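See structure below.
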Amino acid sequence: GQQVMQIPQYQHVQEGEDFTTYCNSSTTLSNIQWYKQRPGGHPVFLIQLVKSGEVKKQKRLTFQFGEAKKNSSLHITATQTTDVGTYFCAGLNAGGTSYGKLTFGQGTILTVHP
Amino acid sequence: DAEITQSPRHKITETGRQVTLACHQTWNHNNMFWYRQDLGHGLRLIHYSYGVQDTNKGEVSDGYSVSRSNTEDLPLTLESAASSQTSVYFCASSDLAATDTQYFGPGTRLTVL
């Protein structure tokens, strides 16, 4: 079945440093979504990428979708303590019968040291 | 405002007992999902439903069951709780006609002793 691998599992940064997490799928994706989970909270939708090579920005966050629609990345510029949490990518498989069913990566736990 | 709720938020039970976790959404979403979250494994899909009377197994469905008798609710039942089922459980829903964005409930922390 479809697998979505996310690296790194953990990342510690000093406040002000940049951060990147990578997501790779074993199959071509219809779209990819990113979620953030604050400590003790639940995953919250951040963004969805649909087009091959798409790049979207949300303030200090930059999301990319690979040309082959099998990989994605999230980059945070100049991290702040409010960025602390777990970042998940989630892929929707292209075609097949998995309509509406996302496959989540393992998540990257980001710690920001002030 | 529309929302998705889970109850209880915390539950401690004993091995072998039957446990039911409730999930209720007022988004009127067709799709509902149950995940468990364990460190190092991310969110793993247990069961999901595309509508009333529809249920499907996810990647870690053994020992769990669900039923969908109406649009709003998808209760998750652990038939005979095991210590390996100690986890945080999240319910989520999404709209059939939308972009498949999933909206998550606050989670239930289950401990099986």
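The values are calculated or read from the model by the stated rules, or taken from the named source; none is laboratory data. None of these values were measured; they are calculated from a predicted model. Cβ sites come from the backbone with ideal geometry, for glycine too, and all protein chains shown count toward neighbours. All accessible areas refer to the heavy atoms of the entire protein, side chains included, with ligands and DNA or RNA removed. Shrake-Rupley method; radii C 1.70, N 1.55, O 1.52, S 1.80 Å.
Near A:Lys69, which aspartates and glutamates are there with a Cα under 16 Å away, not counting those fewer than 8 places off in the same chain? Within the straight-line limit of under 16 Å, A:Lys69 reaches these aspartates and glutamates: A:Glu54. Magnitude of the charge dipole for the protein assembly as shown, about its Cα centre and with charges confined to Cβ atoms of Lys, Arg (+1) and Asp, Glu (-1), is about 180 debye. Sorting the Cα pairs of region B:10-61 by distance into bins of 5 Å, from 0 upward, gives 5, 14, 21, 24, 21, 11, 4 percent per bin. Comparing B:Trp27, B:Gly51, B:Thr86 along the charge dipole axis of chain B, the residue lying farthest to the positive side is B:Thr86, per the Cβ-charge model.
Residue-wise HN-Hα couplings along region A:35-50, as the Karplus relation 6.51 cos²θ - 1.76 cosθ + 1.60 with θ = phi - 60° gives them from phi, are 10, 10, 10, 6, x, x, x, 10, x, 10, 4, 9, 6, 10, 10, 10 Hz; Gly and Pro carry x. Say we join alpha carbon atoms closer than 10 Å with springs in a Gaussian network model of chain B; which of B:Thr77, B:Thr55, B:Thr101 then has the biggest fluctuation? Evaluated over chain B, the most mobile residue of the options is B:Thr101. Largest GNM mean-square fluctuation across B:Arg44, B:Arg68, B:Arg17, computed for chain B with C-alpha springs under 10 Å, falls on B:Arg17. The 1.4 Å probe gives accessible areas that order A:Lys57, A:Lys101, A:Lys36, largest first, as A:Lys57, A:Lys101, A:Lys36.
A:Phe63 sits with roughly 0 Å² accessible to a 1.4 Å probe, with DNA, RNA and ligands left out of the calculation. By the compact-protein rule of thumb, 2.2 N^0.38 Å, the alpha-carbon radius of gyration of chain B corresponds to a ratio of 1.00. This model, with +1 at the C-beta of Lys and Arg and -1 at the C-beta of Asp and Glu, gives chain A a dipole about its Cα centre of some 360 debye.
Over region A:1-44, what is the mean sequence separation of C-alpha contacts under 8 Å (at least six apart), divided by residue count, expressed as relative contact order in percent? This gives 36 percent for region A:1-44. Computed on chain B, with alpha-carbon pairs under 8 angstrom and 6+ residues apart, the relative contact order is 35 percent.
Going by accessible surface with a 1.4 Å probe and the largest first, A:Met5, B:Met32 read A:Met5, B:Met32. Here the convex hull built on the C-alpha positions of chain A has a volume of 90 cubic angstrom per residue. Considering only the Cα atoms of the protein assembly as shown, their convex hull presents on average a projected area of 12.4 nm².
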